[in-house]
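In what follows, a structure is listed as structure tokens, so that the remarks can point back to it.
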Amino acid sequence: MAGAIIENMSTKKLVFLGFLIFVLQALSILIGALIAPNPTSAIHYVATKCINRQRARSWLMPWGSNPCQQVHSFDEPLAKTLDANDIVFAVHVPLPNMEMSPWFQYMLAVLQFDIAFKIINQIGDAVMITIDAGIAYRDDLMSEWTTKFRSMEQRPLRCIFTVPKTYENEGRFYQCDPIPLMELSTVAHKYFLINLRLPVNDTMNVGIGEIKDVHLVGIHQNGGFTKVWLSMKTVFTPWILVATAWYWHRISLMTRAPVLLEKVIFALGMSMTFLNVPVEYLTLGFEWTWMLLYEDIQQGIFYATLFCFWIIFCGEHLMDQSQRNRLSAYWWQVGLVVFGSAILLAFDLSERGVNLSNPFYSVWASEIWTKVSITFIMVAGISVSLYFLSLCHMVRCVFRNIGGKIQQLPAMPEGTRLHYKGVIFRFKFLMLVTLACAAMTVIFFIINQVSDSHWHWGVYTVQVHSAFLTGIYGMWNLYVFTIIFLYAPSHKHNAHTTTVCLTSCSILTDVTEKPEHQDTRLTCGEQWPTEAYRITGKVAEE
């Protein structure tokens, strides 16, 4: 074998491959923009005020064949005779004549309180609101409700009153922050019933103001987006898996042992395959509450592997032969990636790990855990920032290293010079594609944050958020496939390549006039991954 495919493939075939990758990338963006709906839906519910004088633990329905006794306003005469402990706020999910579906994947619930200002009943400072919460489910409208979970939860109540607190402004509403209520990692049933009670005694729910209404916003993944997402996973999984297996088969046919760069490319392909496997299909028939945590671990493994690959990919084209092919040479860069990943995993386990047993748990429920969570995110962000600074510095050094090789090209014969011009150009282009992939991720993220979730383009609705997700997902798969394919050992072997290798070795030695040490000499007969890998190491050594 002589080098990798990136060096031996004809220019015409490389251009065709690049055009094909570009078309597939555009197709992945268009699928999200024009075919997939918005990734999530947010449905607003107004909780029904049910009367529960006996204060029993039975489930109260806001509507249907057996609705609860209810009051429409706390200003009604009937409401004046009730105690705050007699009121249960009931929400049926979904709305009437609708059903939930396993295709929705997950469901979040967020509370919003309408609290009126009263001079004699104001909201206190740093007040906590206690919620007796319960959720039940059933799969047809005639069945009894099955209890899923009950919990007594506390949440910080953060509200501001934007006008002066005077008698003239009594009855105006506070502006309160949304309160996270629960997170279900699977939507395995058709109907859900949420009952909320705000128990009041001498120490509980004191100083929370005069609550008029309770609003609940239910957020779930759209079934149509799930189908598009799983379809893409179904296509990419066998593609990347076969490409990875083919790559390692090519490596195993070589007479030498795999080098570090080849091992990390194989690891990148395996992590991409692990991310691609559409395990979500099984959630359509099984109630797996750990799926969100599993998906986060999938993504974490892939991104950690990708970041490590970028560091090693650049570093292996910088070091001389005595330092190459050793993972320990990248201990601090890889350690930084592992540390940042561990921080994010700890943050994820602190919430979604506990959600496996208590869907009402939230790390944002207390000031201490809120500060700890923010600290986790900040530390991880600093780690990622340091990583990117290191990566940019290494890319700059790689290009400087290549620049040193370009200065030696005029001293070579014409055939050798043209060969190395092509090798260096292809390698530099691949490095620029790598940086473009990282830059596109950041750009798409910023656009996603500052723009609306959809644009109207003629008679079509362009889903920007969906296009962002499918585009980035497609981009990573296409990038990994390109690396695997282009860095696989080539089956071509010709006399010209061998002659070029021998000629360049002799010229490099003549130009530098340095004897090759036994530990660092570069033998042309050795089968390095690529010609760029060989010559950059030679220049670094010199």
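The values are calculated or read from the model by the stated rules, or taken from the named source; none is laboratory data. Since the model is a prediction, treat every value here as computed from it, not as a measurement. Here the Cβ is made from the backbone with ideal geometry for all residues, glycine too, and neighbour counts use every protein chain on show. Accessible surface is based on the protein model in full, side chains and every heavy atom, while ligands, DNA and RNA are left aside. Shrake-Rupley method; radii C 1.70, N 1.55, O 1.52, S 1.80 Å.
Annotation for region 1-83: chymotrypsin sites (Phe, Trp or Tyr not before Pro) lying in DSSP loop with at most 14 further Cβ atoms inside 10 Å of their Cβ are Trp63.
Report the residues of region 260-281 in range of a label on Val235: point 7 Å along Cα→C-beta, backbone N strictly under 19 Å from it. Residues passing the 19 Å test: 272-281. Counting only Cβ charges, +1 for Lys and Arg and -1 for Asp and Glu, the dipole size of region 76-129 around its Cα centre is about 80 debye. Computed over the Cα atoms of region 41-221, pair by distinct pair, the Kirkwood hydrodynamic radius stands at 17.3 angstrom.
Ranking His44, His491, His317 from most to least accessible surface, computed with a 1.4 Å probe over the protein chains only, gives His491, His44, His317. Rolled with a 1.4 Å probe across the full set of protein chains, the surface gives Cys68 an accessible area near 20 Å². About the centre of its Cα atoms, region 41-221 shows a dipole size close to 180 debye [charges on the beta carbon of Lys, Arg (+1) and Asp, Glu (-1) only; nearest 20 debye]. For region 281-314, the set of chymotrypsin sites (Phe, Trp or Tyr not before Pro) satisfying both a DSSP loop assignment and a count of at most 13 other C-beta atoms within 10 Å is given as Phe286. Along the Cα-to-Cβ line of Leu356, 7 Å from the Cα, sits a label point; which residues in region 265-303 have backbone N less than 16 Å from it? Within reach of a label on Leu356: 287-298. Quick one: if you stick a label point 7 Å off each Cα along the C-beta vector at Val242 and Asp213, how many nm between them? The modelled label-to-label distance comes out at 5.7 nm. Which residues does a label at Lys165 reach in region 193-211, if reach means a backbone N under 11 Å from a point 7 Å past the Cα toward the Cβ? In region 193-211, the label zone of Lys165 (backbone N under 11 Å from the point 7 Å along Cα→Cβ) covers 209.
Across Met9, Met204, the residue with the most accessible area heads the list, and the full order at a 1.4 Å probe is Met204, Met9. Rolling a 1.4 Å probe over the protein heavy atoms leaves Leu108 with an accessible area of roughly 50 Å². Between region 258-335 and region 120-165, what is the C-alpha centre distance in whole Å? Using only Cα atoms to place each centre, the spacing works out to 41 Å. Note on region 41-221: dipole from Cβ charges, positive end direction compared against His44, Ala56, Leu198; the farthest Cα belongs to Ala56. Once you've got the Cα coordinates, tell me which of Lys190/Lys227; Lys13/Lys263; Lys165/Lys212; Lys80/Lys148 are over 23 Å apart. Violating the 23 Å Cα-Cα cut-off are Lys13/Lys263; Lys80/Lys148. Extension gain for Leu14-Thr81 works out to 16.1 nm (0.36 nm per residue, less the C-alpha to C-alpha distance). Solvent-accessible area of His215, all protein chains in place: 30 Å² (probe radius 1.4 Å, heavy atoms, ligands and nucleic acids excluded).
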